[in-house]
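First up is the structure itself, then whatever we jot down about it.
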Amino acid sequence: AVAADYTPLDVPASGTTPFTDLTRWRLLVNDGGRHTWQYMRTDEQAANWPQSEVDRYWLGIPLNLPTLPKPKTPLEAARNGYTFYKHLQSPDGHWAGEYGGPMFILPGLVISSYITGMPFTREERLEMIRYLFNRAHPEDGGWGIHIEGHSTVFGTALNYVSLRILGVDAEHPVCIKARAHLHKLGGATGIPAWGKFWLSVLGVYSWEGMNPVPPELWLLPNFLPFHPHRWWIHTRQVYLPMSYIYASSHTHPLNPLTLSLRSELYTQPYQTIHWPSQRNNIASVDVYTPHTHLLDVMNKLLGVWELVSPLVPFVRKQAMDIAYQHVVYEDENTSYQCLAPVNKMMNQIVRFLVDGPSSHAYEMHSLRRRDFMWMGEEGLRVTGTNGSQLWDLSFIMQGIVESGLEGKEREGDMDSVRRALGWLDGGQILDDPKWYEVAYRHTTKGAWGFSTREQGYTVSDCTGEGLKAVLYLQNQVEGIPQLISDRRLCDAVDVLLTMQNPSGGFASYELIRGPRWLEWINPAEVFGDIMIEYAYPECTTSTITALSIFRKYYPDYRAAEIDLTITHAITYLHSVQQPSGGWVGCWGICFTYATQFALESLSLVGETYETSKSARRACEFLVGKQRGDGGWGESYKSCEQSAWVEHEETQIVQTCWAVMALIYARYPERGPIERGVRLVMGRQLDDGSWPQEAIEGVFNKNCMISYPNFKFSFSIWMLGRADKYLRELDAAGSS
Ligand code: LAN
């Protein structure tokens, strides 16, 4: 392997001006939507590969597009939006975009790369440093769990360590300030469990300070309610490599940097820390889900097992062998991409330990790191997945078709939607995973995942939205080629029909496999509801809408089952409507997001303001939240609390969701709709784009994630629909 360069770097005091030449960065899009940012080292390279508009937009370099004619109607505004947005479409048909937000993922990449000896380029190091500088909390200098969150020990300690590994001096002003805040929060002893893991493997925390993560769980019989295959897939895929590494107690050899970190991270000398008593020491600013007594008791028992297990070494060996085997399954099922970058960076360590630095697995892991590194205006961040390709594409296509913008008006639009359909064609997963039942995987044949086909995970609502986009394009756009066969559409439906839970609701990746009480032993402290799959309103609504639209075009395919599935899902949806009238969003912020999807579903089964109490209550709830300027604004705190919390500012994206919701429900008064439309039109810029506002998405209640493409897809979609709907109201003579 190449000797990785982590030597100190001399960097400016702040990240406001770029540390590299932004005009030299290029986004390479290949292999079905893979994103990797490349830096042109020489003038010649730069000249041979000119910077595209996509590159420039995401780097924050002005596109200098002409001012568009001022829109007079919502439809004209939507068209201007699409005119702009087409500049951001990749040649392969999808819309690339930044998928940042969480602040605990970059440290995984940096620590794992450092431990395994994988290199970064100098430019990548510089821009990651700059990103962290720019994201440090302006007042206290720390970092939170996500870009808008308050500083925590988890965020501050891990990002501080990342800066130091990347080459920033401990006496750099950013480090001094961050360290002071870390000490104010009590130092790194109180870091949550996943942080204890990363620091331990780096050698700057002790494995003794971490509650046990025994791989023996994988030896238990499958029927046990707490067998890991019953956990939510992200939790199981993270604890899998973590258990291997824990059992190996691999610790990076001490060196001057880690020795120094041992003295920087704590408020007392490292040697004096009593590690076993740190296991349940979690800083209060970090805690979202406190330990239960059950968890504490279980951890004590596991601690006893850790003392006993050396007496039966073959048990540990067998458990580690099985864990390793599952790591290999995961790597090979996803082309080393893995489910998400958290388990990917851990699998990378396992493969380094077992297969070594000259193995194919090592090389693939090293390459794949780049799929998560996204360069942008503020520097280089690490994304929550390898992109949101399918997700963004499906929404914008539905919006374009529903607004009637697909080529009737202008040359070139047809080309845009054709390319998009081409991407959807290549993006569908056509087979079950290579390692299927043995890896406890759900079927994937016919599904769409959230990002690329290669990542290879079925997601219920991604399959639903992908299917809808294809149905809209292939059936409503004249002259478009029928790229995706009926058989393949039926395959997508087949997948969806495998995913309904007894409650009628749909979960994210799989059926709910474990009991709810597993949440009592959620060991992650910083996330809520992660132990098992749950039925989610959004996943359920996407399935309902996809199946309803599918049955219009294919009334004969599995008709009775589809009808039953929809009816049952609607029952679930009603059952989770809040007394206030809204639905709590689990993947977007928050009530506006889920309520929009809920009202879309209800409308497809004929439930609207006039016909359904539930839809009416939802409309009244939303209208009650509209602000004086015509917009809606919810803080991310709504997701933490499952209760509406106002944002200081109204938000374009949430206003779109709320207005769409009212339109789906056929809300009879034009006033609230018109005011929302006016707000979104008023915030549109001269070139047809919209500015970025607050963060849009969420996962696991407590971590926010960015969906910067939403400001385009949902604005265009909402304006297009509103135009039609307001005309209908006019025709009906509404006031
Ligand atoms: C995502 C992103 C997409 C999201 C939707 C499709 C929007 C949702 O409707 C279903 C769930 C899903 C697929 C989802 C699940 C959790 C993810 C993968 C993420 C929020 C992106 C990042 C997050 C992942 C868990 C981040 C890594 C953190 C861990 C706790 C392992």
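What follows is calculated from the coordinates using simple rules that are stated; it is not laboratory data. This is a predicted model, so every value here is computed, not measured. With ideal geometry, Cβ positions are generated from the backbone for all residues, glycine too; neighbour counts draw on all protein chains shown.
Quick look at the values:
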| item | result |
| --- | --- |
| Dipole of the chain, positive direction: furthest Cα of Ile396, Leu294, Thr42, with charges on the beta-carbon | Leu294 |
| Ranked list, fewest to most other Cβ atoms within 10 Å of each Cβ, for Ser603, Ser309 | Ser309, Ser603 |
| For a label point 7 Å along the Cα-to-beta-carbon line of Ala731, residues of the range 65-85 with backbone N under 19 Å | 73-76 |
| Contact order relative to length of the chain, as percent, for alpha carbon pairs under 8 angstrom and 6 or more apart | 16 |
| Using θ = phi - 60° and Karplus 6.51 cos²θ - 1.76 cosθ + 1.60, couplings along the range 229-242 (whole Hz; Gly, Pro as x) | 5, 8, 6, 4, 4, 5, 5, 5, 6, 7, 6, 5, x, 4 |
| For Gly203, residues with placed amide H under 5 Å, excluding near neighbours | His252 |
| Neighbour-count ranking [beta-carbon atoms within 10 angstrom, fewest first] of Leu518, Leu602, Leu182, Leu301 | Leu301, Leu518, Leu602, Leu182 |
| Restricting the range 643-714 to trypsin sites (Lys or Arg not before Pro) in coil, as DSSP defines it, with at most 13 other Cβ within 10 Å | none |
| In the range 171-259, GluC sites (Glu not before Pro) in a DSSP loop with at most 14 other beta-carbon atoms within 10 Å | Glu171 |
| Neighbour-count ranking [beta-carbon atoms within 10 angstrom, fewest first] of Thr608, Thr545, Thr655, Thr121 | Thr121, Thr608, Thr545, Thr655 |
| For the range 547-563, Karplus couplings with θ = phi - 60° (6.51, -1.76, 1.60), whole Hz, Gly/Pro x | 5, 5, 6, 4, 5, 5, 8, 10, x, 9, 7, 6, 4, 5, 5, 5, 4 |
| Label-point separation, His183 to Ser52 (7 Å along Cα→Cβ), nm | 4.9 |
| Per-pair calculated FRET efficiency, R0 = 45 Å: Asp686 and Gln45 via Cβ, rounded to 0.05 | 0.85 |
| FRET E, pair Leu224, Trp305, Förster distance 22 Å, beta-carbon r, rounded to 0.05 | 0.90 |
| Entries in Lys72/Lys701; Lys445/Lys625; Lys445/Lys701; Lys196/Lys711; Lys70/Lys625; Lys86/Lys434 that, when Cα-Cα distance is taken, lie over 32 Å | Lys72/Lys701; Lys445/Lys625; Lys196/Lys711; Lys86/Lys434 |
| Between helix 106-116 and the chain: long-axis angle, C-alpha atoms, 0 to 90°, nearest 10 | 40 |
| Folded to 0 to 90 degrees: helix 74-85 orientation relative to the chain principal axis, Cα | 40 |
| For the chain, convex hull volume per residue from C-alpha positions, Å³ | 154 |
| Contact order relative to length of the range 7-134, as percent, for alpha carbon pairs under 8 angstrom and 6 or more apart | 33 |
| Added length on full extension, which subtracts the Cα-Cα distance from 0.36 nm per residue, Asp431 to Thr611 | 60.6 nm |
| Cut-off under 5 Å, modelled amide H: who pairs with Gly376 long-range | Arg381 |
| Phi-based couplings in Hz for the range 289-299 (Karplus 6.51, -1.76, 1.60; Gly and Pro marked x) | 10, x, 4, 8, 4, 4, 4, 4, 5, 4, 4 |
| Alpha-carbon centroids, the range 48-110 and the range 485-534: separation in whole Å | 32 |
| Reachable aspartates and glutamates from Lys317, criterion Cα separation under 12 angstrom, eight or more residues apart if same chain | Glu216 |
| Enclosed volume per residue, in Å³, of the convex hull spanned by Cα atoms of the range 602-735 | 120 |
| Amide H contacts of Gly633 (H built 1.01 Å from N, under 5 Å, at least 5 apart or other chain) | His647, Gln651 |
| Value at 222 nm in deg cm²/dmol, rounded to 500, when DSSP H runs of n ≥ 4 in the chain each add -39,500 (n - 2.57) | -15000 deg cm²/dmol |
| Nearest-0.05 FRET efficiency for Glu332 and Asn30, computed from C-beta distance (R0 22 Å) | 0.60 |
| DSSP-loop trypsin sites (Lys or Arg not before Pro) across the range 450-542, with at most 11 other Cβ within 10 angstrom | none |
| Percentage relative contact order, the range 45-107, counting C-alpha pairs under 8 Å, at least six apart | 31 |
| Helix axis angle, 670-682 relative to the chain longest principal axis, alpha carbon, degrees | 60 |
| In nm, spacing of pseudo-spin labels at Ala4 and Ala643 (7 Å Cα→C-beta vector) | 4.5 |
| Assigned charges on the beta-carbon of Lys, Arg, Asp, Glu; the chain dipole about Cα centre (debye) | 660 |
| Projected label distance in nm at Asp494 and Thr567, using a 7 Å step from Cα toward the beta-carbon | 2.6 |
